[in-house]
Amino acid sequence: MLLENTGLVLEGGGMRGSYTSGVLDALMDEGIEFPYVIGVSAGANNGANFVARQRERNKRVFVDFVGDKRYSGWGNLFKKGMYFGMDFLFDDLPNRLAPFDYQTFYETPTIFYACATDCVTGRATYFRQKDYDPRFFMEKILRASSSVPIICKPVEIDGRMYLDGGVSDSIPLEKSMADGNAFNVVVLTRNKGYVKKPTRSIPLATMVLARYPKFVQAMKNRHIMYNRCLNKILELEAEGRVFVFRPQAKIEVSMTDRNVDKIEKLYRQGYSEAMERMKDLKEWIKRTSGARRAEKA
């Protein structure tokens with residue numbers, strides 16, 4: 001089932017992305033596809049596997065390898081200056097341990113975007129998979145989108161430096177709408193009612209990222225933009241233009257969590273909650289099908 005004129009928007013959240021992994025596996029099991037997918041950070045990585053039609057890879061990456069010391073940990077930070085093992089995540093895993101289907105990812109008719117934040121401007125940049133070699137997209141663009149400031153190093157792409165896309169556009173719904181998607185399915189990694197607070201790491205970011213003052217300013221404004229987007233999602237959800245998957249049971253996994261049992265539990269939560277709401281999704285698809293075709297025309 002291909003949802004025309006509909007985008008799939010994926011929030012990030014580090015290891016909370018295991019929830020998204022479960023939701024996407026449920027969508028694949030139900031044969032639901034999208035012509036347009038956009039993600040940020042962990043959402044971008046989940047989205048890439050979804051677009052490549054690799055049903056089990058999200059779980060392998062977000063759950064099965066988490067216990068490997070190369071995946072994340074303070075040891076990585078002390079040795080390589082990064083909490084997450086970015087070489088492990090974006091080289092060892094896709095190229096050897098959990099092979100990524102680069103060919104399907106590039107040749108699919110689905111339009112896929114990953115968002116990263118330009119360190120100099122502090123603004124979001126959206127990279128389309130068909131504009132780059134798929135291996136470069138994995139090794140550089142997805143890496144940049146996932147590079148959390150302070151605990152990860154900036155990534156150079158086309159002569160510019162980038163970090164975590166979540167800083168400038170945590171939930172890229174507006175981008176999807178601007179690209180012509182009047183209807184969107186949004187996967188969030190926070191419970192309903194969550195309100196983001198100001199980032200506590202600004203003093204440290206001001207020192208570590210002193211050469212990028214506009215990026216630091218974007219970090220300062222992040223909670224404002226995030227909460228504004230959540231309010232917009234609630235409005236569009238009420239209007240029937242957005243269908244939202246969000247965790248129903250309380251989230252207990254942090255962005256940098258390494259507890260394999262908790263992370264696997266969250267993956268299973270994502271899958272089961274998505275399957276429980278699949279009937280609602282299909283009813284939403286049917287209910288909006290006429291408007292979807294009209295707006296496409």
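So if I take the centroid of the Cα atoms in the stretch 166-187 and the same for the stretch 12-67, what is the distance between those two points in Å?
Centre-to-centre distance over Cα atoms comes out at 17 Å.
Cβ neighbours within 10 Å, averaged per peptide: list 232-243, 173-184 in order, most packed at the top. Write down the numbers at each step before the final one.
On the way: 232-243: 15.4, 173-184: 18.9.
Highest to lowest by the protection proxy: 173-184, 232-243.
Among ALA44, ALA205, ALA114, which one shows the biggest mean-square fluctuation in a GNM of the chain, springs joining Cα atoms closer than 10 Å?
Of ALA44, ALA205, ALA114, the most mobile in the Gaussian network model is ALA205.
What do you get for trypsin sites (Lys or Arg not before Pro) in the stretch 249-286 restricted to DSSP loop and a cutoff of at most 11 other Cβ within 10 Å of the site's Cβ? Each step should come with its number before you reach the end.
On the way: sites: LYS250, ARG258, LYS262, LYS265, ARG268, ARG277, LYS279, LYS282, LYS286; in loops: LYS250, ARG258, ARG277.
Sparse-neighbourhood loop trypsin sites (Lys or Arg not before Pro): LYS250.
Charges on Cβ only, +1 for Lys and Arg, -1 for Asp and Glu, centred on the Cα centroid of the stretch 16-171; of VAL51, VAL148, LEU27, which one is farthest towards the dipole's positive end?
Going by the charge dipole, the pick is VAL148.
Could you derive backbone 3J(HN,Hα) for the stretch 193-198 from the dihedral phi with the Karplus parameters 6.51, -1.76 and 1.60 (θ = phi - 60°), listing whole Hz in sequence and x where the residue is Gly or Pro?
So the J values, rounded to whole Hz, are x, 5, 10, 6, 9, x.
Assuming R0 = 45 Å, can you tell me the calculated FRET efficiency for the pair GLU237 and ARG200, based on Cβ-Cβ distance, to the nearest 0.05?
Efficiency computed from Cβ-Cβ geometry: 0.90.
Once phi is turned into θ = phi - 60°, what whole-Hz ³J(HN,Hα) does the Karplus curve with 6.51, -1.76 and 1.60 give for every residue of the stretch 148-155, x standing for Gly and Pro?
Karplus-based 3J(HN,Hα) across the stretch 148-155 equals 5, x, 6, 9, 9, 8, x, 10 Hz.
³J(HN,Hα) across the stretch 59-66 via Karplus (A = 6.51, B = -1.76, C = 1.60, θ = phi - 60°), whole Hz, x for Gly/Pro?
5, 4, 6, 8, 10, 5, 9, 4
Show the residues, 5+ positions off or on another chain, whose built amide H is closer than 5 Å to the amide H of GLY12.
Long-range HN contacts for GLY12: VAL40, GLY43.
Using 0.36 nm times the number of residues separating GLU276 and ASN95, minus their current alpha carbon distance, what extension gain do you get? Please list the in-between numbers first.
Details: separation 181, 0.36 × 181 = 65.16 nm, distance 3.46 nm.
Here the answer is 61.7 nm.
Once you've got the GNM for the chain with C-alpha springs shorter than 10 Å, pick whichever of GLY14, GLY73, GLY39 has the biggest mean-square fluctuation.
Among GLY14, GLY73, GLY39, the largest mean-square fluctuation in the Gaussian network model of the chain belongs to GLY73.
log10 I(q)/I(0), Debye, Cα-only the chain, no solvent, q = 0.07, 0.12 Å⁻¹?
-0.23, -0.72
In the neighborhood of GLU252, defined by Cβ-to-Cβ distances under 11 Å, what is the net charge if each Lys or Arg adds +1 and each Asp or Glu adds -1?
On the way: positive: ARG16, LYS250, LYS262, LYS265; negative: ASP257, ASP261.
Within the 11 Å Cβ shell, the charges total +2.
So what's the angle, to the nearest 10 degrees on a 0 to 90 scale, between helix 278-296 and the longest Cα principal axis of the chain?
With both axes taken from Cα atoms, the answer is about 80 degrees.
Kindly provide the helix-only [θ] at 222 nm of the chain, computed as the sum of -39,500 (n - 2.57) over DSSP H runs of four or more divided by all residues, to the nearest 500 deg cm²/dmol?
Details: 9 runs with 112 residues, N = 297.
Result for the chain: -12000 deg cm²/dmol, rounded to the nearest 500.
If you line up the long axis of helix 42-51 against the longest principal axis of the chain, both from Cα atoms, how many degrees apart are they, to the nearest 10?
Its long axis makes an angle of about 50 degrees.
Run the accessible area of the stretch 114-153 with a 1.4 Å probe and give the carbon-and-sulfur part as a rounded percent.
Values: 690 of 1500 Å².
On the stretch 114-153, the fraction of accessible area on carbon and sulfur atoms equals 46 percent.
Count charges around LEU163 for me, please; just the other residues with Cβ under 14 Å from its Cβ, Lys/Arg as +1, Asp/Glu as -1.
On the way: positive: ARG123, LYS140, ARG143, LYS153, ARG160, ARG211, LYS214, ARG222; negative: ASP118, GLU156, ASP164, ASP169.
With Lys, Arg at +1 and Asp, Glu at -1, the neighbours total +4.
The values are calculated or read from the model by the stated rules, or taken from the named source; none is laboratory data. Keep in mind the model is a prediction, meaning the values are calculated, not measured. Don't worry about glycine lacking a Cβ; one is built from the backbone with ideal geometry, like all the others, and counts go over all protein chains shown. All accessible areas refer to the heavy atoms of the entire protein, side chains included, with ligands and DNA or RNA removed. Shrake-Rupley method; radii C 1.70, N 1.55, O 1.52, S 1.80 Å.
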